[in-house]
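The structure appears below as structure tokens.
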Amino acid sequence: MTKEEIKKELRQRLRDTYALELEDAGPVELFYSLGGLIKAISNEKWHKTWKNYLTEEQKQVYYFSIEFLPGKLLKSNLLNLGILNEVRTTLADIDVDLEELAEVEKDMALGNGGLGRLASCFMDSIASCGLPGNGNGIRYDYGLFKQQFVDGYQVELPDEWLKRGNVWEIRRESKACDVKLFGNVYMKRLANGKLQPVAENQTTVRAVPYDTGMIGYQNGIVNTMRLWSVEIPISEEAKYQSLDERRTVEDLTAVLYPDDSQESGRLVRLAQEYFFVSAGIQSIIRYYKKLNLPWHSLSEKIAIHINDTHPAMCVPELMRVLVDENGLNWEFAWDITVKVLSYTNHTIMAEALEKWPIYLMKIVVPRIYQIIEEIDRRYVTTLQGIHSQDLIQRTRPLQNDQVYMAHLAIIGSHSTNGVAKIHSDLLKSIVLHDFYVIYPERFNNKTNGIAERRWLQLANEPLANVIDELITDSWRKTPQDLKLLMNYQNDEAALTKIREAKLVKKEELANYILKTTGIEVSSNAIFDVQIKRLHAYKRQLMNLLHILKLYFEIKDNPEMDITPRVFIFGAKAAPSYTYAKSIIKAINEVANMVNTDRSLQDKIKVVFLPNYNVSLAEKIIPAADVSEQISLASKEASGTSNMKLMLNGAVTIATLDGANVEIRDAVGDDNIYIFGLTEKEVYDYYEKQDYSSQKIYDEDENLRRILDAFVDGTIPNIEFEGQEIYDALLKFNDEYFLLRDFHDYVKAQEQINQDYKDSMLWQKKSLANIANAGNFSADDTVKAYAEDIWQIEPIFAHTEK
Ligand code: 26V
């Protein structure tokens, strides 16, 4: 598209929709007009892609995820369509700043954190690799809550992302389907002797899909992310007399649950899980039937991926559709189901492993529960004589009056994968060891990855431009080419350019910090960043202990030689997770204490930026010097901010947890700061049960002073929270071994303090991180899924044949 064409199109759209001339339009009108234009351009490709899949009968994957976290799409869509620069300069001609338009868009925040963002990086990569793949999820009216701090406390506000409408989506009423919940189900014997389930008093709701084009990177491919919204079917309108009754239905897709451990009691959450699973499976089977192929070919045309256990009801739902609705016999249907489905585990945290009370399942999805009972019964009978009773009992889906969703997902699918090497190994050796004994061939690893397009090309243009200058722009298509940067390890001019690019982003962030918090920070300081959900196992508190250590040191010795550091946090806590909220309050109070203490001479600053989300990540990550990845070894399944931060030249301080292990292998020991217990040592403690945080406290004077600060009034305004934290660390024996790892952590931090002073040394480390971040491209990750698990092929490969 030429600049003139872009202008003409925008002009027309502004007139048609807003009765405005280009010159009179504000950012909101311009954003929506530009969005409309982008949609028009991509729709043609979308239609072609979709037709092509249909006529070629390409095998497609459907990625079922209860969360997607795409963030903003304007710039990403422009980049992937290959018109970012044209549009930017066209707008500049009429004195409009594209960045300002981009700010109009609300983040699509239909996810909590890593799991949802991974799903969206995968959507980008699947399309960019030309793979036939679709997302299937829920269109929540309200995404993850907006976070504000009031007196240092987290306050949650609703996220009204749809208020001004969503330019990207297309409502497809013709593709709606009915989902049935509640009621009673009994079995009736038919004339031919077969048993058939008959349902009574069910509630029928309408699932209406809203499709969003997932535009591939400059390859003409546009895939579909389909999000379902609930409505009252027209035929049922009469049943819903009162507003309250209507609301119970409409509530189904109203809000995203902010991950907390109390979800399993919630009827609405269970209904949400079934709702998007059932709608998704029904629409896939409807599509498959159009192909007019025999049932046994289903697994040659369709792969369905279960992203964590939330969509695990795919197992019984696919069985229901095949057996109840299409008359297949159980064994045949089961064979198909196992071949079609695959499952990813995203955590080993026991609290997060989903289990649903049987009584609730019986109420919400009675037929699904019956099918699970039958799966359970057959599982137990099939394994008789092959495995021990104990093993069978431990692995069955139904236990302790609960449905174990991970068991269901593993038994009902052909592949179970973890999200980093160490995590997949732990699944095999400990967490899911029983299943590994039964189905060793089902287990595999797929280390997470990130979409470089968003996290470098878009988020960090200064660095991207320097990289182009140094190694040409081939890395933009092939992230592995970033390796070529290793040739510049001893090139001072190149290293300086990279440092200058970092400085640009640090200044931008410093301005943002000033604007949003009033805190003044210097871009000469080390920007030390920890950004992720607030969970005890991620140990934001250990970071805070280190900050307090520095605080006391500087107080004692004001002339101490220390490289100025700004500690930057971004984190939301689940509303019901009181301990996490107490840590937020403590960080905010320490921040306040540190930032207002003139005697510290700006040697350290603490900034907790509110409302951490994808857009804020895009501001923070390019400006980071140090990446904090300090979870207790074994607890963080993978992490993905670790990858985004290294890609932007931050150097990592890390435990050997999740993907940190692979990052260490990629960059080498000289270019990362590793500390702390290994996963094996953690498990040794569990076995020996001889950990005593009190002992460490008693023996370490410095730690005593730091911990006492939480309860002796040193840190103001945390009477309650300080005690809670103090007790967690001492009375309750420090579940995540903060005190055990603290000393080692401090040593690593001291090394960083030293190394940063030697600018070229530091830049070299930074370069090695950028250069090796290509190993963590989501493009490669989805290609591995495509080959090993989904057995799908890129559309180019297919058309070339
Ligand atoms: C949720 C909860 C909720 C209750 C309290 C404890 C707890 C612990 C963990 C979780 C996370 C559940 C699933 C999840 O989001 N996992 C994340 O998935 C990312 C993508 O694979 C991965 O990078 C993160 O390490 C992993 O935590």
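Read-outs throughout are calculated quantities, based only on the coordinates presented, and are distinct from any laboratory measurement. Predicted model only: the values in this text are computed from it and were never measured. When we count neighbours, we look across all protein chains shown, and the Cβ atoms used for this are built from the backbone with ideal geometry, even at glycine.
Mind checking the alpha-carbon convex hull of region 479-776 and giving the volume per residue in Å³?
Working: hull volume 37.5 nm³, N = 298.
Cα-based convex hull of region 479-776, divided per residue, equals 126 Å³.
Whole-Hz Karplus ³J(HN,Hα) for region 606-623, in order, using 6.51 cos²θ - 1.76 cosθ + 1.60 and θ = phi - 60°, x for Gly and Pro?
Here the 3J(HN,Hα) series is 10, 10, 10, 7, x, 6, 4, 8, 4, 5, 5, 4, 5, 8, 7, 4, x, 9 Hz.
Which residues' amide hydrogens lie under 5 Å from the amide hydrogen of A637, considering only partners 5 or more residues apart or on another chain, with H built in the peptide plane?
HN-HN under 5 Å from A637: I348.
Please state the relative contact order of region 206-311 as a whole percent: Cα pairs under 8 Å, 6+ residues apart? Could you put the intermediate results ahead of the total?
Working: 72 pairs, mean separation 20.1, N = 106.
About 19 percent, as a whole number.
If you average the sequence gap of Cα pairs under 8 Å that are 6 or more apart and divide by the length of the chain, what percent do you get for the contact order? Walk me through the intermediate numbers first.
Working: 1433 pairs, mean separation 108.4, N = 801.
In percent, rounded to a whole number, it is 14.
Specify, per residue and in Å³, the volume enclosed by the convex hull of the alpha carbon atoms belonging to the chain. Walk me through the numbers before you get to the answer.
On the way: hull volume 140.9 nm³, N = 801.
Value for the chain: 176 Å³ per residue.
Within 10 Å of each residue's Cβ, count the other Cβ atoms and sort W334, W50 from fewest upward. Show your work: numbers first, answer last.
Numbers: W334 20, W50 17.
Ordered by Cβ neighbours within 10 Å, fewest first: W50, W334.
Across bins of 5 angstrom width beginning at 0, how are the C-alpha pair distances of region 478-535 distributed, in whole percent?
Taking every Cα pair in region 478-535, the percentages come to 4, 14, 16, 17, 17, 15, 10, 7, 1.
Enumerate the calculated ³J(HN,Hα) couplings along region 727-742 in order (Karplus 6.51 cos²θ - 1.76 cosθ + 1.60, θ = phi - 60°), each rounded to whole Hz, writing x wherever the residue is Gly or Pro.
Working through the residues one at a time gives 5, 4, 7, 10, 4, 9, 6, 6, 3, 9, 6, 4, 5, 5, 8, 4 Hz.
Provide the per-residue ³J(HN,Hα) series for region 752-760, in order, calculated from phi with Karplus coefficients 6.51, -1.76, 1.60 and θ = phi - 60°, each as a whole number of Hz, with x at glycine and proline positions.
Result, ordered by residue: 4, 4, 5, 4, 5, 5, 8, 4, 5 Hz.
Quick check: Cα centre of region 590-632 to Cα centre of region 314-361, how many Å?
43 Å
Over region 272-421, what per residue volume does the convex hull of the Cα atoms give, in whole Å³?
On the way: hull volume 18.7 nm³, N = 150.
Dividing the Cα hull volume of region 272-421 by its residue count gives 125 Å³.
Of the GluC sites (Glu not before Pro) in region 22-86, which ones lie in a loop per DSSP and count no more than 15 other C-beta atoms within 10 Å? Please list the in-between numbers first.
On the way: sites: E23, E29, E44, E56, E57, E67, E86; in loops: E57, E67.
For GluC sites (Glu not before Pro) across region 22-86 that sit outside H, G, I, E and B with at most 15 neighbouring Cβ atoms in 10 Å, the list reads E57.
Pairs of alpha-carbon atoms within less than 8 angstrom and 6+ residues apart define the contacts here; what relative contact order does region 479-776 have, in percent? If you can, show how the numbers build up before the last one.
On the way: 469 pairs, mean separation 74.7, N = 298.
With pairs under 8 Å counted, the relative contact order is 25 percent.
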